[in-house]
Amino acid sequence: MLCGNDIAKAKALLEAGDVVAVPTETVYGLAANALNPKAISKIFSVKGRPDFDPLIVHAATKEAAFAWAKDIPDEALALAEAFWPGPLTLVLPKIKAIPAEVTSGLETVGLRVPNHTILKRLLETLDFPLAAPSANPFGYISPTTAEHVADQLRDRIPYILDGGSCTIGLESTIVGFVSGSAVILRPGHIKKEDIGQVLGYIPERSESPGERPAAPGMLSSHYSPKTPMEWMEGKHLPKRKEGALYFSNRPQGMYGSYEILSEQGSLMEAARRLYGCLRNLDKLGLQKIWVEIIPEGIGNAEALKDRLNRAVGKAPFTP
Ligand code: TXA
Ligand code: MG
């Protein structure tokens, strides 16, 4: 069986240096022993991920996570205290034991304590941390169910630990430290205002375009369906063979190929459903997916807008 909830099987595969897809509260990850360079190289080959894109290392507890970092700023300790376990990744100076393959040669490592019961149980039984990027082919939409992972990686991985649908649905907020101050490398469920509450100042967003951005999840081409996507001016009816992604309601007369992110107009629900909706539309063989612009005044939609911008901003993705 490719999918199941057999923690002992996942553990045995990981101990043997294999990869296993695992659930988290954000998106499914493609995990391997973070201390084993050969296992790490499997992650890169299964995903078709360029070697300049470093992986996040996941641990069961704060203490276990911080064991892989040094010179940890007090602000990182405070953020971990406030948000771990949870959808926050802290980029910190690494210790030697973390192989260069994990961090793409960087002297820093991204650390996260995920908040998912099954993954937590798995991490507790292992005597190594798990490096895990999202479990999708590089550049494609991240998976938020075990079926999403199976759809794309079934021939390339031995096991998917099924933990149900991800409750958050967007990747973690990534925070790094530049000259002692926190900066946001990737927006996520934990908002800059939430971080501001803990630190006493709102961190800047680091924009680092180019060949080797600070967080390659920030590449303008990322999180994309294969179908070309375009922003919708107002709310129009797509033509035949076109589809639409609406935020909370569809125009009258619209039937057929569309998805609504949240009929309640809830940002949380929209985030949780975004990748599944994009996948559903992408399966229909449409010529184009029109995307409604997220309305103003519904709260802080930075992470949702960020992922939509990246999905729309890309030329069609060829796996
Ligand atoms: O929610 C998440 O973060 C999910 C789950 C599986 O934990 N993981 C995830 O991983 O989104 P991935 O590999 O798809 O995105 C991780 C991002 C990449 O853009 C990577 O560049 C950045 O984290 N990253 C990792 N280590 C870094 C480092 N040392 N410095 C800067 N960015 C780093
Ligand atoms: Mg990813």
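Rounded to the nearest 20, the size of the Cβ-charge dipole of the chain about its Cα centre is 860 debye, with Lys and Arg at +1 and Asp and Glu at -1. For the pair Glu81 and Ser179, a Förster radius of 30 Å applied to the C-beta separation gives a FRET efficiency near 0.85, rounded to the nearest 0.05. The GluC sites (Glu not before Pro) of the range 50-113 meeting both criteria, a DSSP state outside H, G, I, E and B (loop) and at most 12 other C-beta atoms within 10 angstrom of the site's C-beta, are Glu107. Volume per residue for the range 133-211 equals 131 cubic angstrom (convex hull of Cα atoms). Modelled label positions at Glu63 and Lys288, each set 7 Å beyond Cα in the direction of Cβ, lie 5.8 nm from each other. Between Met232, Met254, Met268, the Gaussian network model of the chain with springs among Cα atoms under 10 angstrom shows the greatest mean-square fluctuation at Met254. At an R0 of 51 angstrom, the distance between the Cβ atoms of Ile72 and Met254 translates into a FRET efficiency of 0.50.
What the Cα convex hull of the chain gives, in volume per residue, is 128 Å³. Between the alpha-carbon centres of the range 120-180 and the range 1-45 there is a gap of 9 Å. When you filter the chymotrypsin sites (Phe, Trp or Tyr not before Pro) in the range 223-299 for DSSP loop state and at most 15 other Cβ atoms inside 10 Å of their Cβ, you are left with Tyr255. A full extension of the chain between Ser165 and Glu147 corresponds to an added length of 5.5 nm, given 0.36 nm per residue minus the alpha carbon distance.
Heavy-atom surface analysis with a 1.4 Å probe gives the chain a carbon and sulfur content of 51 percent of its accessible area.
In the range 43-161, the ratio of gyration radius to Kirkwood radius, Rg to Rh, stands at 0.97 when only Cα atoms are counted. Dividing the Cα radius of gyration of the range 229-312 by its Kirkwood radius returns 0.92 for Rg/Rh. Rounded to the nearest 0.05, what FRET efficiency do Val198 and Gln264 have when you use their Cβ-Cβ distance and R0 = 45 Å? Once rounded, the FRET efficiency stands at 0.95.
The values are calculated or read from the model by the stated rules, or taken from the named source; none is laboratory data. For clarity, every value in this text was computed on a predicted model and none was experimentally measured. Ideal geometry is used to build each Cβ from the backbone, glycine not excepted, and the neighbour counts take in all protein chains shown. To get the accessible areas, we keep the full protein, side chains included, count just its heavy atoms, and leave off ligands, DNA and RNA. Shrake-Rupley method; radii C 1.70, N 1.55, O 1.52, S 1.80 Å.
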